[in-house]
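Chemist: Take a look at this one; I'll ask things after.
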Amino acid sequence: MYLIAIRVPDAIAFYPLNSKYTTREIKNRQPQATPVGVSLAAGPDGKAGGSYQFTGRNNSYIEFPNNGGLDAQHSITLLCWVYPENTDGPIFNFKTTGHPWAVHFWILTGRLYGLISQRNYVMIPGLISSHVLALNQWHYVGFTYNHITGIADLWLDDQRVVQRNIGAGLSLSTQDDVRMGALENDGRYFKGRITAMQIYNVSLTEEQIKAVENAGQGKIIMILMYHIGRI
């Protein structure tokens, strides 16, 4: 057995979304989010109070104030655990309304969907997975964009499920407040549970994404991984 160090940049925000922290950012780096029509529920580890339950209605959402602290601007990684009970709705949507759309991460027709929008809200065609998420079970999901390479990815349960070069050097529309669960002028609402929302202003690698997976299971975020094999 030998030790492999996986260095993970610090998140610009990590909202555990559980009974201990409620809707506070774990280090109080960002203003507390406002919960509306949501309730605490069991998390991925089965323990009570480990996530927030959304009802799938327009009055069930969490709103995250963005005073600049959530503004990734260039590269971005969005990660969380979701337990979908329906097939459409916003996981993390910059702007509390759509039209024009900002950067966002959704479940759309039962699939993961990520869209990069430029600073002036000019949209790049979104990424959508071919795999339909199983309902009523937990999934570890993510959306990344690398400003230098132009590569955008969708991640599902530790696997890259979509990759596309959408263009390098984009400036992202991540300057607005964020909604999770429901938008003001859209009839698609997320029903289910969400926990461990992580936001980075870099595009994490597959190894880094796996290293922080346990953040949603009531465990310390791992930055070291053990590999068993021959040296």
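Chemist: Go ahead and run the numbers for FRET between ILE6 and HIS99, Cβ-Cβ distance against an R0 of 30 Å, rounding to 0.05.
Modeler: Efficiency for this residue pair is about 0.15.
Chemist: Excluding residues fewer than 8 places away in the same chain, name every one of the aspartates and glutamates whose C-alpha is closer than 20 Å to that of LYS191.
Modeler: ASP45, GLU63, GLU85, ASP88, ASP157
Chemist: Where a ≥ b ≥ c are the square roots of the eigenvalues of the C-alpha gyration tensor, would you call segment 133-175 rounded, which needs a/c under 1.5, or, failing that, prolate if a/b is larger than b/c, or oblate?
Modeler: prolate
Chemist: Mind giving me the FRET efficiency for ASN67 and ASN136? R0 is 41 Å, r the Cβ-Cβ distance, nearest 0.05 is fine.
Modeler: E between ASN67 and ASN136, to the nearest 0.05, is 0.65.
Chemist: Can I ask one more? Quick one: Debye curve from the alpha-carbon atoms of segment 55-156 only, equal weights, vacuum; give me log10 I(q)/I(0) at q = 0.22, 0.25 Å⁻¹ to two decimals.
Modeler: -1.33, -1.60
Chemist: Also: Considering the convex hull of the alpha carbon atoms of segment 8-101, report its projected area averaged over all viewing directions, in nm², one decimal.
Modeler: About 7.1 nm², averaged over all directions.
Chemist: Match the structure shown to one of the listed values (i) -0.46, -1.16; (ii) -0.57, -1.15; (iii) -0.41, -1.09 of log10 I(q)/I(0) by the Debye sum over Cα atoms at q = 0.10, 0.16 Å⁻¹, computed from it, and give that label.
Modeler: Evaluating log10 I(q)/I(0) by the Debye sum over Cα atoms at q = 0.10, 0.16 Å⁻¹ on these atoms matches (iii).
Computed from the coordinates by the stated procedures, all read-outs in this text should not be read as laboratory data. Source: prediction; values computed, not measured. Every residue, glycine as well, gets a Cβ built from its backbone with ideal geometry; the counts of neighbours run over all protein chains shown.
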